[in-house]
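Heads up, the thing below is written out as structure tokens.
The values are calculated or read from the model by the stated rules, or taken from the named source; none is laboratory data. Source: prediction; values computed, not measured. For neighbour counting, all protein chains shown are included, and Cβ atoms are generated from backbone atoms with ideal geometry for every residue, glycine included.
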Amino acid sequence: MRAFIIRRLLTSILTLLGAALFVFSVSRILGDPRVLLLPDQAYGITQEQWDDLARQLHLDKPIPIQFGIWLGQLLRGDLGRDLADRQLIAPKIPQKVGPTLKLALSAFILSTLIGVPIGVFSAVSRGSIPDYFGRAFALFGQALPTFWVGIVGILIFAVWLGWLPSGTMGEGFSIKHYILPTLTLAWFGAAGYVRLVRSAMLEVLDSEYVKLARAKGVNSRTLIWKHAFKNAAIAPLTLSGLLLAGFITGSISVETVFAWPGLARFGIEAVWTNNFTVLAVLVLIFTGAFVLLNFLADILYAFIDPRIRYS
Amino acid sequence: MAQAELQSDLEVSIPSYRATGISGVLQLFNRWPIIPGTILGVLIIVAVFAPWVSPHGPYVNSLKARNTPPMWSEGGTTEYILGADVIGRDLLSRLIYGARISLMVMAIALVTGTIVGTALGLVAGYFGGLIDEVIMRLVDIFLGIPFVLMAMAVAVVMGASLTTMMVMLALLTWSGFVRNVRGEVLSLRERDYIALARIAGASLPRILMMHILPGVINTVVVIATLRSGQLILAEAFLSFIGAGIPPPTPTWGAMIADGRNYLRDAWWISFFPGLAIFFTVMALNFLGDWLRDKLDPRLRQLT
């Protein structure tokens, strides 16, 4: 188990380094990173300021050293300056993390609560009308663009019916502002769960030991939840990494559509203002979150299923 | 006596299970991907012959036609079947040209990504060792960085364009193939026929291309089909947030963004492009599922 954890930890660190290297190389694609940092072709900048910036960015040193220096700054919490207002980025992050976490967490809980039972019942009643509904729910959730679902939700519930607000988090804690964004994101997440849980359940229900339990006369609720589901839940856990990736993409869509004041919205605004430094920080933050969640899922998985530790 | 009995056993004719009438038609729909195939077929034909089938040009605007509703609602005309957008461009025409862009970008990125991913999977699986380790860690890194943010950062630096989009989507595609292809190659390379080919003096490229590749091609086709829908969605989203193909090029994602601020007055501008994306992705997913069940059921746990 320890060897497994160490191996996974190394892979996680490698991924983070890879993300850092990616961001660094993108900033150098155009050759001189100063072009990116100074908007409007550096209009009104004197030669001295231009050279001064080169010194600040250590452009006189070899590229690997530059990367090292930049990495060192990151590790010390120096995330650079926002190009739009010349303020430090690091102090802006904490207030954006809250809304993103609240939305993602409520959607995650909701999608588990919806997705897992639908997946199980769909598998148990295979080929029946409820199964078709379950599968349609999953297929729609995966084929509909999340941002469009959000817009149609706004159109129906905010514009036409006027029941719910069309966006933002509202003042204080307002549950009404959560309903549409959470449901939009949860549908997408639940769709993934339904597909995974359903196929895993079908496989387990077909196995010998479940058939034996049924022949022995175990009542169907115990059979489904205690015997079958416990084993079927392993497969969705392995693929939870893939689901999480989808979740991150989904939260970016939802924050955009609902003007949710979180990290992803920050990123979208950065695209509109060509704000590279902000995007660079966000790539690192999201990669970090993603790597951490994946790591935890894998550890949990290895803990539940010993076969994984040795493969 | 025994002989006769046996004979009569043999003569029992196997009843034909081919159903006729309505149940036969239903069976046909169950067996073949008729609906998704039709949707995709129509889409491809319409995309290829866009200049001939679209009623207007994609950039032709008319101030008089601003925000014309779809033909079946009040104030709509048959001239603008699905209505017109805020500057009076025909929605249907833009949807048709949008299909052209979406499908072309998807196809080019998919083919590039598939070739690169499959090749890397073949190499990693066949040679093993250090090359394998490097390729697999590269895959881990790529799967570990959220794609959308990566594409947003690149779009800001390189400028949003058709080329940037295709390169980014190809980058999204390749990593999905490597692991599965590698796994298959690992078992294929131990087979006797590969050893025999080697003994017979087959060159390395020949072994890889003629003997191993055919063994993994089913997996590749299935993954590619399942991936194509994701590519359409990714392209639409990037164009929606303005990090994709720049306007005025008609793309489904950008059209949804165009209509966002006019939901109250002209809901159709955002609505129909979303439906187009939905039907396309749905058809591709169905086709992918069908191919998977047909060609490579072991991939079932892949979403």
(request) Could you pull out every one of the helices (runs of 4 or more DSSP H) wholly within region A:1-106 that has 2 or more residues that are within 14 Å of chain B (Cβ to nearest Cβ) and closer than 22 Å to A:Ser251 by Cβ? (result) A:2-28
(message) With the requirement that a residue be in contact with a helix residue (DSSP H, G or I) (Cβ under 7 Å, 6 or more places away or on another chain) and among the basic types (Lys, Arg), what does region A:1-35 give you?
(response) A:Arg8, A:Arg34
(message) Can you say whether B:Leu188 is over 22 Å from B:Met152 (Cα atoms), out of contact with any helix residue (DSSP H, G or I) (no Cβ under 6 Å at 6 or more places or on another chain), at pLDDT 85 or above and more than 8 Å from chain A (Cβ to nearest Cβ), as far as the supplied structure shows?
(response) no
(request) Just give me the residues in region B:226-253 being more than 7 Å from every other protein chain (Cβ to nearest Cβ), in contact with a Pro (Cβ under 6 Å, 6 or more places away or on another chain) and within 22 Å of A:Glu255 (Cβ to Cβ), in sequence order. (result) B:Trp252
(request) Return a yes/no flag: does region B:204-223 have any residue that is surrounded by 24 or more Cβ atoms within 10 Å (Cβ to Cβ) and of a type outside the set (Ser, Thr, Tyr). (result) yes
(message) Looking only at region A:277-302, filter to residues that are of a type in the set (Phe, Trp, Tyr) and in contact (Cβ under 8 Å) with a residue 60 or more places away in the chain; which one of those is nearest to B:Leu238 (Cα to Cα)?
(response) A:Phe295
(message) Among the residues in region B:107-128, are any of a type in the set (A, V, I, L, M) and within 14 Å of chain A (Cβ to nearest Cβ)?
(response) no
(request) Among the candidates A:Ile308, A:Ile224, single out the residue that is touching a Phe, Trp or Tyr at 6+ places or on another chain (Cβ under 8 Å), of a type in the set (A, V, I, L, M) and at pLDDT below 85. (result) A:Ile308
(message) Need pairs with beta-carbon distance below 6 Å; first residue of a type in the set (Phe, Trp, Tyr) and within region B:150-176, second crowded, with 20+ Cβ neighbours inside 10 Å; sequence gap 6+ or separate chains.
(response) B:Trp174/B:Gly113; B:Trp174/B:Gly117
(message) at pLDDT below 60 and among the β-branched types (Val, Ile, Thr): which single residue out of B:Val25, B:Val12, B:Val48, B:Val42 fits that description?
(response) B:Val12
(message) Here's a check for you: in region A:215-226, which residue that is in contact with a Lys or Arg (Cβ under 9 Å, 6 or more places away or on another chain) and surrounded by 15 or more Cβ atoms within 10 Å (Cβ to Cβ) is farthest from A:Tyr193 (Cα to Cα)?
(response) A:Val218
(message) With the structure loaded, tell me whether B:Pro55 is part of a loop (DSSP other than H, G, I, E, B) and either touching a residue at least 40 places away in the same chain (Cβ under 8 Å) or closer than 30 Å to A:Ala297 by Cβ (or both) or whether it fails that test.
(response) no
(request) Return yes or no: is B:Leu233 of a type in the set (A, V, I, L, M, F, W, C) and surrounded by fewer than 23 Cβ atoms within 10 Å (Cβ to Cβ)? (result) no
(request) Would you check which residues across region A:141-168 are within 9 Å of chain B (Cβ to nearest Cβ), part of a helix (DSSP H, G or I) and either charged (D, E, K, R) or within 19 Å of A:Thr249 (Cα to Cα) (or both) and list them? (result) A:Gln142, A:Ala143, A:Thr146, A:Phe147, A:Trp148, A:Val149, A:Ile151, A:Val152
(request) Taking A:Leu110 as meeting all but one of (1) at pLDDT 85 or above; (2) within 30 Å of B:Leu287 (Cβ to Cβ), write down the number of the exception. (result) (2)
(request) Mind counting the residues in region B:209-262 that are in a helix (DSSP H, G or I), of a type in the set (Val, Ile, Thr) and in contact (Cβ under 8 Å) with a residue 40 or more places away in the chain? (result) 9
(request) Within region A:129-140, identify whether any single residue is within 14 Å of chain B (Cβ to nearest Cβ) and basic (Lys, Arg), and answer yes or no. (result) yes
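For (1) closer than 30 Å to B:Pro246 by Cα; (2) touching a Pro at 6+ places or on another chain (Cβ under 6 Å), each residue gets a yes or a no:
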| residue | (1), (2) |
| --- | --- |
| A:Tyr178 | no, no |
| A:Glu208 | no, no |
| A:Lys211 | no, no |
| A:Trp225 | no, no |
| A:Leu237 | no, no |
| A:Phe247 | yes, no |
| A:Pro261 | yes, yes |
| A:Glu269 | yes, no |
(message) Return the pair list, or none, for Cβ contacts closer than 6 Å from residues in region B:75-88 that are on the phi > 0 side of the Ramachandran plot to residues that are crowded, with 23+ Cβ neighbours inside 10 Å and assigned to a loop (DSSP other than H, G, I, E, B), at least 6 apart or on different chains.
(response) B:Gly83/B:Thr68
(request) Go through (1) in a helix (DSSP H, G or I); (2) touching a residue at least 24 places away in the same chain (Cβ under 8 Å) one by one and return the number of the condition A:Asn274 breaks. (result) (1)
(request) Tell me which residues, restricted to region A:55-109, are among the polar types (S, T, N, Q) and surrounded by fewer than 14 Cβ atoms within 10 Å (Cβ to Cβ). (result) A:Gln56, A:Gln73, A:Gln87, A:Gln95
(request) Report yes if some residue within region B:66-78 is part of a helix (DSSP H, G or I) and not acidic (Asp, Glu); otherwise report no. (result) no
